[in-house]
1. Any chance you could run the full-extension gain for residue 112 through residue 147? It's 0.36 nm times the residue separation minus the Cα-Cα distance, nm to one decimal.
2. Given axes a ≥ b ≥ c from the Cα gyration tensor, I'd like to know whether region 73-166 is rounded (a/c under 1.5), prolate (a/b larger than b/c) or oblate.
3. Based on the mean of other Cβ atoms within 10 Å per residue, sort peptides 132-140, 98-106 so the most packed one is first.
4. Between the alpha-carbon centers of region 71-110 and region 1-45, tell me the distance in whole angstrom.
5. Using a basic spin-label model with each label point 7 Å from the Cα along Cα→Cβ, how many nm lie between residue 78 and residue 48?
6. According to a simple spin-label model (label point 7 Å from Cα along Cα-to-Cβ), what is the distance in nm between residue 89 and residue 39?
7. Just to be sure I follow the rule: in region 1-49, considering lysines 8 or more places apart or on different chains, how many pairs have Cα atoms under 16 Å apart?
8. Compute the FRET efficiency between residue 130 and residue 163 as 1/(1 + (r/R0)^6), taking r as their Cβ-Cβ distance and R0 = 45 Å, and round to the nearest 0.05.
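Derivation of every value follows stated rules applied to the coordinates shown; laboratory data play no part. Just so you know, these numbers come straight off a predicted model, no measurement behind them. Glycine gets a Cβ as well: all are built from the backbone with ideal geometry, and neighbour counts include every protein chain shown.
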Amino acid sequence: MLNENIKTIRKSKGLSQEELAIKLNVVRQTISKWEKGLSVPDSDMLIALSEVFETPVSTLLGETIVETKVDDLRAIAEKLEVINLQLAHRKATRQKTIHWLFIVLCTVTVAIFIALILLNSPYLGWDYSHPETAVVGVLIHGFEWLFVRIAPLALMGAIAGVCLTRGKV
């Protein structure tokens, strides 16, 4: 009888087993076992069930429940509203993350430019007779040459990205 009452009230409230499990802080399988009569909730869980269902414990334990039809359209609308809120939150979080990534890209680009200006290509005065020094010097020169040509484009793109995502954060 308890198992039937739990299932009937849960359905009349428009709750899935997963939703009820979340409200009670248990796993969905626990709700399934209660509804199949394979186990029963303890006294604390019965009180929690009665609070979630807004139904007296006596009703859960003994009174037969007549299944009432849930307003299907209202239940669907409420679920869609929750889903829409979750999607809006995810989109806002994603936009904020992208905005800050553009800001970090601008900052890093400017910092590397400043470092290159302050260092003033120190590898040009190195003694290239040692192979290790020659390889490191060529690598640093290659990085500097490539960076000076690509970084302005990346910086302009990052600034445009910051401006485009600013209003949406």
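1. 11.7 nm
2. prolate
3. Averaged packing, sorted descending, gives the order 98-106, 132-140.
4. After rounding, the separation between the Cα centres reads 32 Å.
5. Spacing of the two 7 Å Cα→Cβ label points: 2.0 nm.
6. Using points 7 Å along Cα→Cβ, the separation is 2.9 nm.
7. 7
8. Taking R0 as 45 Å, the efficiency between residue 130 and residue 163 is 0.40.
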